[in-house]
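Novice: Below is one structure. I have some questions about it.
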Amino acid sequence: MRQEPHELDSFSPVTAARTDLAHRAPSVYPAHFMVGTGYPTEDDFVVARQELGKGYGVYARRAFQRGYRVCRISGTIVHEVMQHTLQISSDAHLYDPYFTGFLLHACDPNVFLDMGRFELWAMKDILPGQALTMDYASTEDYLFKQFPCLCGAPNCRKWITGRREPVRVPDLDADGR
Ligand SMILES: [Zn+2]
């Protein structure tokens, strides 16, 4: 019984936190986000250009197994559709210009975003070097910008819109949206 206080000391939260910090890889989110474990790190993902002249994508640096959570996601809540936002509800969007906002679109994607829990899930096995892809219409009512899709999937929709908007013919859209 005399040993009890000493044993409790050795499991203090301070000791646990220090050990955890020592093993944590750099977060893709800025330090002031103060994200905990389970969020994307630079050890596991890289945001990089698809190829010269093309946009950026998120690439896996290790394997992720189908059916498992890939990571939690973070960002800032905004009330309009912008570049790098993902829809939470009809009037709330997550602005994440560090990770989620760079996920590429595919009509037969390998990840799914749960915008209720702010989690990213693997729908297929993902290998190191592969791009993480989501279906933009799975979260977005209206896209910041509609675009042609060349994903090559048998179910490719060819022209990507939000789930609640009609096709906007680019030639008639002077403002580029
Ligand atoms: Zn497609």
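The values are calculated or read from the model by the stated rules, or taken from the named source; none is laboratory data. Here the structure is a predicted model, which is why all the values come from computation and not from measurement. Backbone-built Cβ (ideal geometry, glycine too); neighbour counts: all protein chains shown.
Novice: Kindly evaluate TYR95 against the criterion of being touching a His at 6+ places or on another chain (Cβ under 7 Å), aromatic (Phe, Trp, Tyr) and more than 15 Å from the ligand (Cβ to nearest atom). Quick ask: steps written out before the conclusion?
Specialist: Numbers: touching a His at 6+ places or on another chain (Cβ under 7 Å): yes; aromatic (Phe, Trp, Tyr): yes; more than 15 Å from the ligand (Cβ to nearest atom): yes.
Considered against the rule, which asks whether it is touching a His at 6+ places or on another chain (Cβ under 7 Å), aromatic (Phe, Trp, Tyr) and more than 15 Å from the ligand (Cβ to nearest atom), TYR95 comes out as yes.
Novice: Could you say which residue among THR76, THR100, THR85, THR37 is among the hydroxyl-bearing types (Ser, Thr, Tyr) and at pLDDT below 95?
Specialist: THR37
Novice: Hey, another quick one. Does any residue in the stretch 142-159 that is touching a residue at least 12 places away in the same chain (Cβ under 8 Å) come within less than 7 Å, Cβ to Cβ, of a residue that is more than 9 Å from the ligand (Cβ to nearest atom) and among the small types (Gly, Ala, Ser) six or more places away or on a different chain, and which pairs are these?
Specialist: Within 7 Å, the pairs are TYR142/GLY162; LEU143/GLY162.
Conditions tested, residue by residue: (1) among the small types (Gly, Ala, Ser); (2) closer than 19 Å to SER138 by Cα; (3) at pLDDT below 95.
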| position | (1), (2), (3) |
| --- | --- |
| PHE45 | no, no, no |
| GLU51 | no, no, yes |
| TYR59 | no, no, no |
| PRO109 | no, yes, no |
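Novice: I'd like the full set of residues that are acidic (Asp, Glu) and touching a strand residue (DSSP E or B) at 6+ places or on another chain (Cβ under 8 Å), limited to the stretch 69-115.
Specialist: Step one: filter the stretch 69-115 for residues acidic (Asp, Glu), giving 80, 91, 96, 108, 114.
Those that are acidic (Asp, Glu) and touching a strand residue (DSSP E or B) at 6+ places or on another chain (Cβ under 8 Å): GLU80, ASP96, ASP114.
Novice: Going through the stretch 60-81 one residue at a time, which ones are in a strand (DSSP E or B) and within 13 Å of HIS93 (Cα to Cα)? Don't jump to the end; show me each part of the working.
Specialist: At the first step, the residues of the stretch 60-81 found to be in a strand (DSSP E or B) are 60, 64, 69-72, 76-78.
The answer is THR76, ILE77, VAL78.
Yes or no, residue by residue, for (1) at pLDDT below 95; (2) over 20 Å from the mean Cα position of the chain (by Cα); (3) within 16 Å of the ligand (Cβ to nearest atom):
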| position | (1), (2), (3) |
| --- | --- |
| ASP125 | no, no, no |
| THR133 | no, no, yes |
| LYS158 | no, yes, yes |
| ASP171 | yes, yes, no |
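Novice: Considering every residue within the stretch 45-52, establish whether at least one is closer than 30 Å to PHE147 by Cα and polar (S, T, N, Q). Break it down into steps so the answer makes sense when it comes.
Specialist: Our first condition is that a residue be closer than 30 Å to PHE147 by Cα; within the stretch 45-52, this holds for 45-52.
Remaining after also requiring polar (S, T, N, Q): 50.
Yes, there is a match, as at least one residue in the stretch 45-52 is closer than 30 Å to PHE147 by Cα and polar (S, T, N, Q).
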